[in-house]
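Have a look at the structure below before the remarks.
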Amino acid sequence: MPAGTRTRTDMAAPSQSRQATYDAIVIGAGIQGSFAAYHLAQRHRETLLLEQFILPHSRGSSHGQSRITRTAYPREPYARMMPDSFHLWQQLEVEAGTSLYRRTGLVVLGPAGDPELEGCRRSLGAAEVLDATVLAQRFPGLQLHAGEAAVWDGTGGVLFADRALRAVQPPPVTIATQDVFRRLGGTLRDGEKVLRVEPGAVLTVTTTTGVYRAPRLIITAGAWTGALVAPLGLCLPLQPLRIDVCYWREKEPGSPSAGRAGPCFMALGLSQAPHGIYGLPALEYPGLVKLPPKMCYHHGSPVDPEERDRAPPGAPRPDVAILSSFISSYLPGLEPWPAVVETCLYTVRRPRSGTQASGVPDPPSLQSGSCRPFPSPHTLTPRLPQNTPDEDFILDRHPKFSNIIIGAGFSGHGFKLAPVVGKLLCELSLGEEPSHSTAPFAVTRFPGVLQAAL
């Protein structure tokens, strides 16, 4: 089948399964995998991008109309990547011929002197610090309290997430990354679940409808990454979580309450929301404000990604209560209870010590000697943050099979960095010097990840 084409209805028997050889294969057509495939195709590598679900879908972490982008970052590795990321987003806008970003500015608020707030201020250079009076004048709907300060990031804004994803994938899903990927000669096959990966100088990837070979493989399968790499002897500390995404209605439509025309914002270091909260104008529901809790690393409900939408009726939603309290205190112009609650699937790093941060022992399926990525959610206690949580990505070669590249753990703040992440994964797969240091993202920073193949 020529590059750049695909079919959704091919139900060939195993004896008639498709077979093809490529320069590179990417598993997972979310935003990270799509950008990795895009960069490979830009370098004239014949690339196959595989997706287990029919596109478009909402089963992973890349769907939805909006994500925050910003320069402000408390952690230096990401702050150094952001200028490159902004440049690559702008390049994609030109290539796709569509707008992918709306600048709104970003308010970062928290206790004065908070380390994360100070890190954001440093990342902005000559940052504008807003006290309560100045903030109230510029954004009347957003309130500060005694002892708190805010930093203004004029580059902050909203990425049009669905549109950006389509830009790097080919039609009939016409979004930017996917469309440009097709024009560069890439092949995307959706509705093909990967059954196994056989390592070697030339790898073999077997799916439900085909067998494909390539000298290099990139795995960016989100919540399914752990299950894919476990048979390759790699036990990654990843845990899928179900996260509540909330949308809030103004008490008085048109009032200055950080609504559609307001800035994005992040709240860091607050005692009532210790894991951070972020908000942005809701493109999905005009007139509402989108507030997903940034409890994406150690909060939310542990979940099997195959059952993310099967929450028990009447299950408690403590994160929504935290957000409601935040609304009442900091955004009093909004109704105190969300108008819409949706769910998103995050994939986070889980502790590897044999205990959760709360001190509760890990279930047997997560303890040493076992690598079962998706234990039953009924056996898990929701995790609390560690004192020094590892909130970094995984961007590295497989410790044993150097032509297998793994990208994982992006949930919560990875979308804005996808152009750079995709470039780094591409560079690693081609043996090039990475354009940014990947040392903070090494697989081997986690003890005991390499095990005998299952």
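Read the figures in this text as sums done on the coordinates, not as results from a lab. This structure is a prediction, so every number in the text was calculated from the model and none was measured. So basically every Cβ, Gly included, is an ideal-geometry build from the backbone, and we count neighbours across all protein chains shown.
Extending 7 Å from Cα along the Cβ direction at ALA136 and again at THR444 yields two label points whose distance is 5.6 nm.
Highest mean packing first, where packing is the average number of other Cβ atoms within 10 Å per residue, the peptides 40-46, 273-279, 217-223 line up as 217-223, 273-279, 40-46.
Residue separation of GLU128 and THR208 scaled by 0.36 nm, minus their Cα-Cα distance, works out to 23.4 nm of gained length.
If the segment from SER402 to GLU432 were pulled out straight at 0.36 nm per residue, it would be longer than the present Cα-Cα gap by 9.5 nm. Annotation: amide H-H contacts under 5 Å for GLY276 (H modelled 1.01 Å from N, sequence separation of 5 or more, or interchain): GLY269, LEU270.
Label-to-label distance, SER271 versus VAL340, with points set 7 angstrom from Cα along the beta-carbon direction: 3.6 nm. Evaluating 6.51 cos²θ - 1.76 cosθ + 1.60 at θ = phi - 60° for every residue in segment 401-408, the Karplus couplings come out as 10, 6, 8, 10, 10, 10, x, 7 Hz, glycine and proline recorded as x. Between VAL94 and HIS145, the distance separating the two model label sites (each 7 Å from Cα on the Cα→Cβ line) works out to 4.7 nm. Spherically averaged projected area of the convex hull of Cα atoms, segment 186-237: 4.0 nm². Residue separation of ILE54 and GLU198 scaled by 0.36 nm, minus their Cα-Cα distance, works out to 49.4 nm of gained length.
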